[in-house]
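First the structure, in the form of structure tokens, and then the observations on it.
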Amino acid sequence: MHGSYNNNVLPETGLVRLSQILGDKKKGIPPVIPVSKSTWWAGVKSGRYPKPIKLGERTTCWNVLDIRKLINATEGSSLL
């Protein structure tokens, strides 16, 4: 993925859910990192994307600082 990322929808600190990262058309949330869920999870498994934090059996999130680092590291490259 080349180009700019929609970094403005992320909070400054805290945790974010997958829908906040990949977007959700039904809720009107634009993607910060425009990849599919399967691509995202494959990237998590391979170490390309940050590891998730499990808050419960059905609640997974990511540290927003890790997502910002990923965006900064990949701007202008094809890592996404």
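No value in this document is a laboratory result; all are computed from the given coordinates. A quick note: this is a predicted structure, and the numbers were derived from the prediction, not measured. FYI the Cβ positions are ideal-geometry reconstructions off the backbone, even for glycines, and counts take in every protein chain you see.
Numerical summary
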read-out: Residue in region 35-76 that is surrounded by the most Cβ atoms within 10 Å (Cβ to Cβ), counting only those that are aromatic (Phe, Trp, Tyr) and without any contact (Cβ under 8 Å) to a residue 24 or more places away in the chain; value: Tyr49
read-out: Qualifying positions in region 15-34 - in contact with a Gly (Cβ under 8 Å, 6 or more places away or on another chain) and crowded, with 16+ Cβ neighbours inside 10 Å; value: Ile29, Pro31, Val32
read-out: Helices (runs of 4 or more DSSP H) contained entirely in region 13-80, each with at least 2 residues that are over 10 Å from the mean Cα position of the chain (by Cα); value: 37-46, 64-74
